[in-house]
Structure formats: structure tokens, C-alpha cells
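To keep things clear, I will list the structure first and then write my remarks on it.
The values are calculated or read from the model by the stated rules, or taken from the named source; none is laboratory data. It should be emphasised that the depicted structure is a prediction, and the values quoted were computed from it without experimental measurement. When we count neighbours, we look across all protein chains shown, and the Cβ atoms used for this are built from the backbone with ideal geometry, even at glycine. The accessibility values were calculated without ligands, DNA or RNA, using every heavy atom of the protein model including side chains. Shrake-Rupley method; radii C 1.70, N 1.55, O 1.52, S 1.80 Å.
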Amino acid sequence: MKRMFVRILVVLLIGLSALLYAEKAKITIWAWDPNFNIPIMQEAAARYKKINPDVEFEIVNMAKADVEQKLNTILASGVKTGLPEIVLIEDYNAQKYLQSYPGAFADLTKHFTWSEFAPYKVKLMTLNNKVYGVPFDSGVAGFFYRIDYIEQAGFKPSDLENITWDRFIEIGKVVKQKTGKFMIAADPYDGGLMRILLQSAGTWYFDKSGKPYIANNPVLKEAVRLYKEIKDSGIAKEVSGWNEWVGAFNRGEVAAVVTGVWIIGSIKAEKSQSGKWRVAPVPRMNIKESVNASNLGGSSWYVLQNSKYRDTAIDFLKKIYARDSDFYQKILIERGAVGTWLPAQGGSAYKAKDPFFGNQQVFQLFSEWMKKIPPVDFGVYTYEADAAIMSVMPDVYSGKLSIDEALKKAEQQFLNSIK
Amino acid sequence: MSEKKKTRGLEHIWSKWGWVFISLMLLGIILFVFYPIAYSLYLSTFSTRGFLKTFVGFGNYIKLVQDTYFVLSLKNILTILVIQVPIMLFLALIFATLLNDPKIKFKGIYRTALFLPAVTSLVAYTVIFRVMFSNDGLVNHVLMFVGIIKEPIRWLLDPFWAKVTLIVALTWRWTGYNMMFYLAGLQNIPIEVYEAAEIDGASKTVQFFKITVPLLKPIILFTTITSTIGTLQLFDEPMNLAAGVVTGSSVGPGNSLLTPSVYIYNVCFKYSPNFGYASAISYVIVLIAAVLAFIQFKVVGERE
């Protein structure tokens with residue numbers, strides 16, 4: 001009798017502990033930027049927990065370079081463990097990862113309605129007609145300017161709408177002369193502006209078949225000319241690196257910033273400048289194809305094929321990033337994140353007037369420009385090409401090499417480096 | 001007879017246990033040192049892109065010769081090597097000699113002050129240098145205030161000045177470190193030698209070049225070789241002085257701060273991941289370090 005009792009007790013205990021141990025699905029996510037991607041993902045996780053309470057999340061914050069380094073080493077080593085369920089990848093690098101690690105990322109083609117996302121975004125995560133990522137934030141570019149400086153120089157906001165870069169430089173000279181402020185802050189060796197310029201004309205460092213398109217690329221040639229022109233005209237305060245760059249406009253030393261929409265958080269960080277800023281479409285190049293819309297950066301979520309809770313992870317991305325319009329309103333207001341899931345753009349937050357920008361409907365404008373961004377194929381070698389061009393820039397600035405010669409040299413360097 | 005046998009038996013056992021005790025360590029060395037060395041040599045014969053591997057034999061090494069970035073990175077560190085290492089070692093030697101003088105007061109404070117940079121974090125000090133040498137940073141302000149320059153120097157925006165900044169930073173960080181070796185070496189030179197020289201009427205300068213330098217030869221050789229290897233592996237400083245650009249395109253203005261180590265990093269993680277090629281670069285760097293060390297041994301070393 002006693003023995004019977006003990007047996008029952010043991011069985012009960014085992015059953016109970018099994019119940020307690022019943023595994024909760026745990027989704028691990030790697031991302032960077034504790035002011036942007038991380039809180040956005042935390043918000044998404046909190047929302048998903050209401051739909052599916054049996055899921056736990058571990059959102060790991062790392063520097064962007066660390067995410068890339070870890071992903072590369074673990075994937076290349078061929079082990080199946082140690083990777084997260086979801087990882088954030090910068091759009092410029094998407095094809096590089098997809099092509100270098102075939103089979104590592106989950107094929108999401110059947111899971112989402114792709115026409116609901118911005119087409120340029122879907123295109124850059126598509127390989128052999130399969131889509132591998134969930135489009136996230138847009139890098140739609142804008143021309144942010146200080147209305148007080150611009151008016152002081154004698155211009156009206158309408159003078160800055162849909163202009164060319166040459167006009168931009170002319171205005172910059174007047175601004176410099178009348179207000180003593182620089183038009184922009186620029187790192188002469190940063191490829192960001194180059195990429196804005198190229199994409200505005202639907203061109204990239206590579207042609208449609210993926211071949212290098214540097215030496216005889218008229219758009220690139222014009223872009224390099226503008227780089228030199230901006231430097232020679234003296235409208236740019238030269239800075240080196242991110243902190244100096246942000247510092248320049250936070251301290252009110254420059255009249256304008258031309259970059260991706262994600263900079264809004266940094267501009268707004270200086271609260272004393274509230275009401276002084278406006279935004280206009282990016283200038284276009286003096287080239288037929290160029291439009292007043294472009295892109296810089298942006299990133300998307302990818303699911304690892306061999307992760308343990310892959311299906312839950314996909315379900316999570318589906319239910320939040322492709323269904324929850326309210327979520328997109330919230331991250332837009334709180335973080336300035338312009339999502340690329342199009343149905344969300346009908347939401348109220350997109351229409352909100354922002355007192356920081358003189359009650360302009362900033363995000364309405366950005367989502368309109370977003371639709372005009374010419375899609376380009378970033379290919380696998382964007383950073384190699386960037387480095388090749390930036391390493392000849394000193395000779396372009398000093399006049400030692402003509403632009404044609406410099407681009408020829410850059411292409412040669414680039415070809416050597418990818419051989 | 002029997003005793004001898006006993007000891008031999010004991011020795012046998014001792015050596016056996018010896019092997020047992022160090023086996024774990026040996027295993028560790030084989031696993032974490034020898035295996036990676038061998039594997040990276042094997043890997044350097046492949047061109048890889050992530051999972052994808054193609055055998056290229058010596059292809060990577062041939063590619064290296066034509067790779068303008070690699071050649072540029074070598075040029076960059078050779079410039080730094082030729083200029084920075086002698087300046088730093090000479091300064092270290094002077095400081096060490098001065099601080100070895102028994103008559104000097106507050107020696108401890110000076111020694112600590114000069115050595116302190118060597119214990120600061122590489123990243124932290126580079127970031128501070130980056131701030132100090134920015135266009136409207138402290139250095140330009142001071143130089144303009146004193147009236148040495150009229151316009152700010154474009155320290156980190158000009159290929160030439162970027163290298164100067166790097167050299168200044170390296171010298172600040174590593175001089176005290178090398179000074180410590182010299183100080184230790186100087187303790188071994190008997191004071192009588194200097195006293196005798198003094199009586200013979202040798203000036204301080206003569207003493208420095210005729211006594212200190214020759215007697216410190218082995219230590220100078222040691223510091224030269226370690227500094228050479230350190231320069232060849234230069235990573236943290238250029239990375240932090242140059243990186244952090246809005247979207248990161250080149251390492252320093254026009255890649256003027258590109259070093260082989262940073263290039264290896266870029267090839268692995270920033271560019272299309274090519275671990276095979278990165279291994280080849282590493283091997284060439286090892287080879288160059290070995291050759292340079294060999295030359296330095298020949299030039300400075302005693303013929304014994």
C-alpha cells in the first residue's frame with residue numbers, strides 16, 4: 001500500500017515537473033541601435049505576446065559591426081547552433097548574405113503578400129524569385145533645412161522645393177555669405193551622399209547584369225563632380241565621422257542636412273531648435289533620369305532557416321510587421337521609423353503635423369517621396385565599390401587626377417579587390 | 001648498481017607523469033594554436049565566399065600582389081614603421097636614461113606618468129585623440145591660440161595629417177611601455193662604469209652613446225622587434241581614428257590609415273566575406289614580420 005502511494009507520488013511529481021518544464025518558444029533577435037531598432041522590436045514583441053502569450057523574446061543589442069561579424073563567423077563555420085531566430089541586416093548587405101550563405105535564411109515567399117510592401121525594398125531581398133526578408137524601415141532621403149537661416153539669406157521655402165544640386169550649391173553660397181553659416185556639414189570621404197545621388201537617378205556602381213559600372217558611368221561622374229564642387233565652393237563644413245556631423249547641426253552651425261529619414265531622431269534631439277526646421281525633397285542631379293527622391297540606408301528582418309523556433313518567428317513577423325497598422329503608427333510617432341508596409345501609411349500618425357518642423361506633415365511627405373524612389377540593385381559589392389571610389393577622392397580634390405582618370409583608377413582597384 | 005637502476009626507473013615514472021600533467025595543456029595548444037595555424041594555411045588556398053569554397057592554390061597570393069589595397073596598406077604601415085618606431089624608441093631611451101639618474105627627484109611620479117598611457121584602453125585613448133584632433137578640437141584651438149598656425153590643420157581629413165595624427169597617438173601610447181624595458185635594462189649597468197667615464201671626462205652625451213646604447217643593445221633589439229610586429233598588426237588605432245564615418249567608406253581619408261589588419265577585418269566582415277583571402281593576407285604578414293625580425297637580428301645581434 002505504502003509502495004503504491006510512493007509510486008503515485010513519483011508519477012505525479014514527474015508529471016508536474018514536465019508541466020512546469022513545458023518549453024516556451026523563445027525567439028532570439030539580434031539588432032543594433034538602442035534608440036531605434038531595439039525599442040521598436042521590444043514594442044513588436046510586447047504586441048505579439050498579447051496574441052501568443054506562450055512565446056518569450058530575447059532581444060540582443062549589439063553594434064552593427066558586431067552583428068555582422070558574429071553572423072559571418074557563425075554562418076561560415078557551418079555550425080547550426082548559436083544563431084538567433086531573427087536578425088537585422090542592412091539593405092546594402094542583403095544580397096551579400098543571401099548569396100554567400102545559400103540556405104541559411106528562411107524562404108518567406110509564401111508567407112507574406114509582397115505587393116503590400118514598398119517594391120524597391122522587396123526587390124533587394126529577392127534572390128532567384130524567392131523573397132528572404134521582411135522589409136522594415138525605409139531610408140527615404142530628405143533635405144532638412146533651418147528656415148531661420150534660409151529666410152535670413154533671402155529665400156522662401158518654395159525656393160528649395162524640387163531643385164537641382166547646382167542650385168543647392170548656389171543657395172549655399174548665398175547662405176554662407178549672408179548668415180556666415182555653412183550650408184551643410186560633410187565628410188569628404190563618406191560615400192553616403194554618393195549613394196543618395198546615384199539612387200536618385202536609378203543608377204548604381206553596377207549595371208543590370210551586376211558588372212562593375214564605374215569608369216564610364218555618367219551619373220557617377222556627375223556625382224564625383226558634385227562632391228568636388230561642394231568642397232571647392234566652401235559651402236560645406238568639413239567633419240570627420242558621425243559625432244562631429246551630428247554635432248554640427250545640433251549646434252546650429254549648418255543650415256541643412258541631406259540624408260535618410262532616420263536622422264529625424266538626431267535632429268529632434270536638440271529641443272531648443274524646435275520649430276526652426278523644415279523638410280523638402282532631396283535635390284536632383286542635372287541628369288535626365290534623376291528625380292527629387294532617393295534613399296540612404298535602411299534595413300530589414302531575416303529569419304534563420306535552421307533556428308529552433310523558425311515558424312513562430314515567421315508568424316511573429318507576419319502578425320506584427322505585416323498586419324498591425326497601429327504598431328507602425330506608434331513607432332513612427334515615438335521613433336520616427338518610416339515602415340515600408342504600405343497599408344500602414346494610411347494611418348493617423350502619417351498625417352500628424354509636427355511642431356518641430358513648423359507643423360509640416362513630415363511623414364506624409366516622406367511616404368510620398370518613398371513611392372518615387374527609383375529601385376536599384378545594390379548587388380553584393382556596394383562597400384567594395386564605395387571604398388574604391390573614396391580612396392581616389394584625395395586626388396580628385398587636389399586636382400591630381402581628372403574625374404575620368406580617377407574613376408578609371410577606382411574601377412581598376414575595385415576589379416582587383418573582387419577578383 | 002641497483003640504486004642507479006632505481007633512479008632511472010623513477011625518472012621514467014617522473015617523465016611519464018610529467019607528460020600526463022602537461023597533456024591537457026598540450027592538447028589545448030594543439031587545438032587552439034597549431035590547428036588554427038595549419039587550418040588557415042589550408043584555407044589560404046581557397047577563395048571563399050561564405051559557404052562557397054573554390055580551390056585556387058596560390059591564387060590568393062598572386063592576387064595579393066595585384067591588390068592595390070593590400071599594397072597601399074603595406075605602404076601605410078611601412079611609412080609608420082620607418083618614422084614612428086625610431087622616434088618612439090629614441091624618446092623611450094632618453095626618458096629612461098633621464099629617469100635612471102639617481103640625482104633626479106620624484107622619479108616615481110615621472111615614471112608612473114610616462115607609463116600610464118600604456119595601461120589605458122586602446123579604444124578609449126584613440127577616441128580621445130580623435131576628439132582632440134578634430135577640425136575644431138583642442139589641438140587646433142591651442143595651436144591657433146599660441147599662433148603657430150593661422151588656419152586649423154585638417155588632421156583627420158588630409159591623408160598626410162591623418163598619418164601624423166596616428167603617429168602622434170602611437171607615440172603617446174607606447175613610449176612609456178618601451179621605456180620600462182630600458183629602465184629595467186639600465187638597472188643592470190653598473191654605476192661604476194659611468195663613474196669611471198665621468199672621471200675620464202666623458203660628457204653625458206658621450207656616455208649615452210658610448211655606454212648606455214651599446215650596453216642596452218639586446219634590449220633595443222627586443223623592443224625594435226616587438227614594435228615592428230606591433231606596427232604590422234596595427235588595428236585598434238586606425239580603426240577607431242578612421243571608422244565611425246557616417247556610413248563608413250574608407251579607412252582614413254583616401255584609405256591613408258588602411259593597415260593590413262584592418263584590411264583583413266574588412267575582407268572578412270565588411271566586404272563579401274572571403275576568409276580564404278584573409279588567411280592568405282595573414283600569412284604574408286607573418287612572413288614579412290619574420291623577415292624583418294631576421295634582418296634586425298642580423299644587423300643588431302652579436303655574432304655568437
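If A:Q361 satisfies all but one of (1) without any contact (Cβ under 8 Å) to a residue 60 or more places away in the chain; (2) more than 29 Å from A:I27 (Cβ to Cβ); (3) away from chain B (no Cβ under 14 Å); (4) open to solvent by less than 10 Å² (accessible area, probe 1.4 Å), what's the number of the condition it fails?
Single failed check for A:Q361: (4).
Would you mind stating whether B:L64 is within 29 Å of A:V380 (Cβ to Cβ), outside the structural domain of B:L234 (by TED's automatic domain parsing), aliphatic (A, V, I, L, M) and open to solvent by less than 80 Å² (accessible area, probe 1.4 Å)?
No: the conditions fail for B:L64.
Hey, any hits in the range A:274-283 for a residue that's free of Cβ contacts under 8 Å to residues at least 12 places away in the same chain and open to solvent by 50 Å² or more (accessible area, probe 1.4 Å)? Let's see the steps before the verdict.
Let us first name the residues in the range A:274-283 that are free of Cβ contacts under 8 Å to residues at least 12 places away in the same chain, namely none.
No, the range A:274-283 has no match at all.
Based on this model, can you work out whether B:L24 counts as in the same structural domain as B:L186 (by TED's automatic domain parsing) and out of contact with any Ser or Thr (no Cβ under 7 Å at 6 or more places or on another chain)?
Spelling it out, it is not the case that B:L24 is in the same structural domain as B:L186 (by TED's automatic domain parsing) and out of contact with any Ser or Thr (no Cβ under 7 Å at 6 or more places or on another chain).
Report, by residue number, each residue of the range A:96-119 that is over 26 Å from A:G78 (Cα atoms) and open to solvent by less than 10 Å² (accessible area, probe 1.4 Å).
Answer for the range A:96-119, where residues must be over 26 Å from A:G78 (Cα atoms) and open to solvent by less than 10 Å² (accessible area, probe 1.4 Å): A:F117, A:A118.
Yes or no: B:L74 more than 13 Å from chain A (Cβ to nearest Cβ), at pLDDT 90 or above and farther than 21 Å from A:P394 by Cα?
No, not satisfied.
What number of residues within the range B:233-269 are open to solvent by 10 Å² or more (accessible area, probe 1.4 Å), at pLDDT 90 or above and among the aromatic types (F, W, Y)?
Residues meeting the conditions: 2.
Conditions (1) closer than 15 Å to B:L99 by Cα; (2) of a type in the set (S, T, N, Q), marked per residue:
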| residue | (1), (2) |
| --- | --- |
| B:V168 | no, no |
| B:G185 | yes, no |
| B:N188 | yes, yes |
| B:I191 | yes, no |
| B:S203 | no, yes |
| B:I211 | no, no |
| B:K217 | no, no |
| B:L221 | no, no |
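Somewhere in the range A:133-140, is a residue away from chain B (no Cβ under 14 Å), on the phi > 0 side of the Ramachandran plot and touching a Ser or Thr at 6+ places or on another chain (Cβ under 8 Å)?
No: the range A:133-140 contains no residue that is away from chain B (no Cβ under 14 Å), on the phi > 0 side of the Ramachandran plot and touching a Ser or Thr at 6+ places or on another chain (Cβ under 8 Å).
Identify, by number, the condition in (1) open to solvent by 50 Å² or more (accessible area, probe 1.4 Å); (2) under 18 Å from A:M125 (Cβ atoms) that A:A63 doesn't meet.
Going through the list (1) open to solvent by 50 Å² or more (accessible area, probe 1.4 Å); (2) under 18 Å from A:M125 (Cβ atoms), A:A63 breaks only (2).
How many residues are free of Cβ contacts under 8 Å to residues at least 40 places away in the same chain, of a type outside the set (G, A, S) and more than 14 Å from chain B (Cβ to nearest Cβ) if we restrict to the range A:52-106?
9
Say we look at the range A:324-347 and pick out the residues that are touching a residue at least 40 places away in the same chain (Cβ under 8 Å) and assigned to a helix (DSSP H, G or I); which of these is most open to solvent (accessible area, probe 1.4 Å)? Even if it seems obvious, please write down each step before you answer.
Step one: of the range A:324-347, the residues touching a residue at least 40 places away in the same chain (Cβ under 8 Å) are A:324, A:327, A:330-331, A:334-343.
Then keep just the ones that are assigned to a helix (DSSP H, G or I); that gives A:327, A:330-331, A:334-335, A:342-343.
Working: A:F327: 0, A:K330: 73, A:I331: 4, A:E334: 105, A:R335: 87, A:L342: 51, A:P343: 64 Å².
The qualifying residue most open to solvent (accessible area, probe 1.4 Å) is A:E334.
Tell me, yes or no, whether the range A:370-388 has at least one residue that is away from chain B (no Cβ under 14 Å) and farther than 22 Å from A:K121 by Cα.
no
Give all pairs with beta carbons closer than 7 Å in which a residue from the range A:217-239 that is over 11 Å from A:P188 (Cβ atoms) and within 14 Å of chain B (Cβ to nearest Cβ) meets a residue that is assigned to a helix (DSSP H, G or I) and among the β-branched types (V, I, T); count only pairs at least 6 apart in sequence or on separate chains.
Short answer, once both residue conditions are applied: A:V224/A:V396; A:V224/A:I403.
What is the number of the single condition among (1) in contact with a helix residue (DSSP H, G or I) (Cβ under 6 Å, 6 or more places away or on another chain); (2) among the aliphatic types (A, V, I, L, M); (3) surrounded by 23 or more Cβ atoms within 10 Å (Cβ to Cβ); (4) within 14 Å of another protein chain (Cβ to nearest Cβ) that A:M125 does not meet?
(4)
Only one residue in A:I235, A:I263 is within 21 Å of A:P281 (Cα to Cα) and surrounded by fewer than 24 Cβ atoms within 10 Å (Cβ to Cβ), so which one is that? Walk me through it before giving the result.
On the way: A:I235 fails: surrounded by fewer than 24 Cβ atoms within 10 Å (Cβ to Cβ).
None of the others qualify; the one that does is A:I263.
Only one of (1) among the small types (G, A, S); (2) in a strand (DSSP E or B); (3) surrounded by fewer than 21 Cβ atoms within 10 Å (Cβ to Cβ) fails for A:G154. Which number is that?
Against the list (1) among the small types (G, A, S); (2) in a strand (DSSP E or B); (3) surrounded by fewer than 21 Cβ atoms within 10 Å (Cβ to Cβ), A:G154 comes up short only on (2).
Within 14 Å of chain A (Cβ to nearest Cβ), open to solvent by 50 Å² or more (accessible area, probe 1.4 Å) and of a type in the set (F, W, Y): does that describe B:Y69? Spell out how you get there, then give the answer.
Numbers: within 14 Å of chain A (Cβ to nearest Cβ): yes; open to solvent by 50 Å² or more (accessible area, probe 1.4 Å): no; of a type in the set (F, W, Y): yes.
So B:Y69 does not fit the description; no.
Counting only residues that are over 15 Å from the mean Cα position of the chain (by Cα) and of a type in the set (A, V, I, L, M), which one in the range B:72-101 is most open to solvent (accessible area, probe 1.4 Å)?
B:L98
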